[in-house]
Amino acid sequence: MNGVYFKPWLGENYGKTKTLILGESAYGWRDKNGRIWHPSPSAPKKSLFYWLKHLEKRNYFSSMSKVLCKTDHPTTEQAKREWNEYAYAIYVQGTVGEGARKRPSSLQWECAAHLLLRLIENLRPLKIIVTGLDMWNHHMPGCNGPHLRDDLQAYKLSDGTLVWCLALPHPANTRQGFKWEKIGESIRQFESAKLPLREN
């Protein structure tokens, strides 16, 4: 996948569900010696597996694990089992800088929008859960398929297959609308919806 830096993580059962969870970005951090580390191409898998062992800390993965497990206090084993139903990828390629509050640059948003289509042509999901409204607003110009609602639109792949996208608030931002019970219901409705695989 030319230009795609992060290697998507594929859960064991992704082939059955064909649902991709799309995270916004990844950032660098400092170790105890002050050295800065930036995410590697394997960051989707490494981040997921690290944070599933630390679900007591409030962040993207703990919030999404509550949603997927349908409980406020999922165990690591429950979370691993549920995440195995999905693929997980990062939208913005490369680091956004140091620290969780760093935002992608205009160029990073623009490049990510172009690279997403390459990613989904390769992964062939049927549905994408887009976790972040900023990301949604920066990738929607690439959606070339049907538009059912402002938060439910589709990409059309090169062979005409439709890949449906659902937009959700960012899981780490509980002050701006991420309520795990409500989000979980939205995802379950999306997953069970019989959406067209092609345009008529």
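The values are calculated or read from the model by the stated rules, or taken from the named source; none is laboratory data. What you see is a predicted model; the values in this text were computed from it and never measured. Cβ: placed from backbone, ideal geometry, glycine included. Neighbour counts: every protein chain shown. Accessible surface is based on the protein model in full, side chains and every heavy atom, while ligands, DNA and RNA are left aside. Shrake-Rupley method; radii C 1.70, N 1.55, O 1.52, S 1.80 Å.
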Counting only residues that are buried (at least 21 other Cβ atoms within 10 Å of the Cβ) and in contact with an Asp or Glu (Cβ under 8 Å, 6 or more places away or on another chain), how many does the range 139-167 have? 2
Among the residues of the range 68-98, count how many are more than 30 Å from Leu115 (Cα to Cα) and of a type in the set (Val, Ile, Thr). 3
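The rows are residues; the columns are (1) touching a Pro at 6+ places or on another chain (Cβ under 8 Å); (2) among the charged types (D, E, K, R); (3) outside any loop (DSSP other than H, G, I, E, B).
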residue: Asn122; (1), (2), (3): no, no, yes
residue: Pro125; (1), (2), (3): no, no, no
residue: Gln153; (1), (2), (3): yes, no, yes
residue: Asp159; (1), (2), (3): no, yes, no
residue: Cys165; (1), (2), (3): no, no, yes
residue: His170; (1), (2), (3): no, no, no
If I go through the range 71-89 residue by residue, how many of them are at pLDDT 95 or above and either among the charged types (D, E, K, R) or touching a strand residue (DSSP E or B) at 6+ places or on another chain (Cβ under 7 Å) (or both)? 9
By residue number, the members of the range 19-40 that are open to solvent by 60 Å² or more (accessible area, probe 1.4 Å) and either within 28 Å of Asn137 (Cα to Cα) or in a loop (DSSP other than H, G, I, E, B) (or both) are Tyr27, Trp29, Lys32, Asn33, Arg35, His38
Is the range 119-126 home to any residue that is surrounded by fewer than 14 Cβ atoms within 10 Å (Cβ to Cβ) and without any contact (Cβ under 8 Å) to a residue 40 or more places away in the chain? no
Scanning for something of a type in the set (Phe, Trp, Tyr), touching a helix residue (DSSP H, G or I) at 6+ places or on another chain (Cβ under 7 Å) and at pLDDT 95 or above, does the range 8-20 turn up at least one residue? yes
If I ask for residues that are over 16 Å from Ala112 (Cα atoms) and touching a strand residue (DSSP E or B) at 6+ places or on another chain (Cβ under 9 Å), which ones from the range 1-19 would you list? Trp9, Leu10, Gly11, Tyr14, Thr17, Lys18, Thr19
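Suppose we keep only residues that are assigned to a loop (DSSP other than H, G, I, E, B) and of a type in the set (A, V, I, L, M) within the range 172-194. Which one would you say is modelled with the highest pLDDT?
Applying the filter and picking the extreme gives Ala193.
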Enumeration of residues in the range 45-89 that are among the β-branched types (Val, Ile, Thr), open to solvent by 10 Å² or more (accessible area, probe 1.4 Å) and either at positive phi or not in a loop (DSSP other than H, G, I, E, B) (or both): Thr76
Residues of the range 1-17 classified as open to solvent by less than 60 Å² (accessible area, probe 1.4 Å) and either on the phi > 0 side of the Ramachandran plot or in a helix (DSSP H, G or I) (or both), total: 4
